[in-house]
Every structure is written in structure tokens, then in C-alpha cells.
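Worksheet: the structure to be examined is printed underneath.
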Amino acid sequence: MTKTRRAMSVFRLPAASFLFMAGTALTMTIPAYGQDVSAAAASAAPAPAKPVEHVYVALATNAGTIVLDLDKTHAPLTVANFLKYVDSKRFDGATFYRAMHLDWGDAPNGLLQGGLQGVNVFPPVAHEPTSTTGISHKAGTISMARFAPGSATADFTIMLGDIPSLDAQPDSDNAESRAGFAAFGHVVSGMDVVRRIWDEPRSATKGEGVMKGQMLEPPVKIASVRRVPAPPPSTPSPEMPEAPGSPATP
């Protein structure tokens, strides 16, 4: 059994960052006489975006069920790694064991961490940075916990709020910040369950280093994790008609 170690670090972003774009000369090409303009425009049109392949999984806990949408198109390696644990049922009996509460940003802010804590795991998965996948650490995002980049196995985090400091920062002088953490999907239902678990009591003494005081006491058991069908698309609720003679709402 591998002793539990810190598997997540938090990086703060600078107070502000700016993006500048140099001026670019604009040129126009006039089609030659007789050229099919519509054909030329069609050939210059960008290729359609590749459709995203979604995989849905449900995490059942005694606090409720959390349904995840995993982005297999943009984070194929990380999603495949996660699904290995799902399909082999190795997540059954795992726990949510850490609730990190941050005192900055919009409340609630922090993350909930769960997984196998290094026990009965497959080999690590290659690191897929957010600069490659385009999946940012927003509220509800699921991401891999790790030590060094490329060491992630079966521990993961769910964001309670936006934590952009966990995204890859390619221009940073810090190697950890350059790599960031590997986000690979988001919660589609059950954020109230995530919040409920995150609000559970924490031990004042358990945990090492930055994790001290963040360990749930007791941990919340994950009963099962299974693939599930895509949830039905949400439909907007119909507007209530105004009562006759009622004033219009501004």
C-alpha cells in the first residue's frame, strides 16, 4: 500500500494579464474574370469543427449521485484512463477525502478531491495540459490530481468555483505552472451533491503539508461509478402568460 501523499497544488494567477495584437494589413484579392466566386469562397471556408464525443458516468454516493460529462475528443488519454477505472469497477468503494476551501474568489471556491489514493492503480497516464485540450478549470470541471506531470492515476478533483491558476501557463517560469493540471470534463448534474460533500466536517489535524485541515472526517464513500446514457436535453420552461389587464413587466 502506498502512503498517501499530497496530490494537488494550487497556483495563483498574477493580478492581471493582458493580450495585445499587432496591427495586420488587410488585403483583398479580386477574382479573375469568369472565376466562380462562390466556389472560391467555399474552398476558403474553414473546415467544420470536429464533433465532440461525450462519455457520461454517474458517481453514486450516500450523499447523492453526481453525473459527469467526459470530453473524449479533447482529452482522449485522460478520459480513457478514467474509464479504465470505471469499467473495471476499481472506483467502487473509493472515497471523497479532501475538501479544499479557498478564502478568495466568489464563494463557494475550492475543490473536492476523491479517488483511490494510490492503492490498486493502473500505470500513470500521460499529461494533457489545458493549453492542448482547451478545457479550463471552471466551476464543475473534473481534473486529475497528481504529483509531477505525467504521474496521475486514479485521484481526481471537482472544482467548486473557477480556479484558472490550475490551467497550464505556458509562459510561466515555474515548471508546475507551465504544466498545470489535466481537466477532462464537467459535472452535468449533482453539483448540489458536490457542495454537500464539500461542506462535510474536516479534521483539524489530518493531512500533510498544504492538505492539513482539508481532510474530510469521515471520508464520503463512493459506492459505484458506472457509464450512463446521455441525459435528455434540457428544455426551457414555457413563459407564463400575463393575466388580462396586468401591467407589462419592464
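Please compute the net charge surrounding V86, taking Lys and Arg as +1 and Asp and Glu as -1 over other residues with Cβ under 13 Å from its Cβ.
Surrounding charge for V86 is +4.
From the phi of every residue in the range 210-221, what ³J(HN,Hα) in whole Hz does the Karplus formula 6.51 cos²θ - 1.76 cosθ + 1.60 yield, where θ is phi - 60° and glycine or proline is x?
Per residue, the Karplus-derived 3J(HN,Hα) values read 5, 8, 5, x, 10, 8, 5, 9, x, x, 9, 6 Hz.
Need the full-extension length gain, R178 to D103, defined as separation in residues times 0.36 nm minus the C-alpha distance. One decimal, nm.
Once the chain is fully extended between R178 and D103, it gains 24.6 nm.
Counting only residues 5 or more places away or on other chains, whose amide H sits under 5 Å from the amide H of S189 once H atoms are built in the peptide plane?
The list, which skips near neighbours in sequence, is V67.
How much net charge surrounds M215 when only the other residues with a Cβ under 9 Å from the Cβ of M215 are counted, with Lys and Arg +1 and Asp and Glu -1?
Once positives and negatives cancel, what remains is +3.
How much length is gained if the chain between R195 and T65 is pulled fully straight, taking 0.36 nm per residue apart and subtracting their Cα-Cα distance, in nm to one decimal?
Numbers: separation 130, 0.36 × 130 = 46.80 nm, distance 1.19 nm.
Extending this stretch completely gives an extra 45.6 nm.
When Lys and Arg each count +1 and Asp and Glu each count -1, what net charge do the other residues less than 15 Å away from S136, Cβ to Cβ, add up to?
-4
Throughout, read-outs are computed from the coordinates displayed, never taken from laboratory work. For clarity, every value in this text was computed on a predicted model and none was experimentally measured. Every residue, glycine as well, gets a Cβ built from its backbone with ideal geometry; the counts of neighbours run over all protein chains shown.
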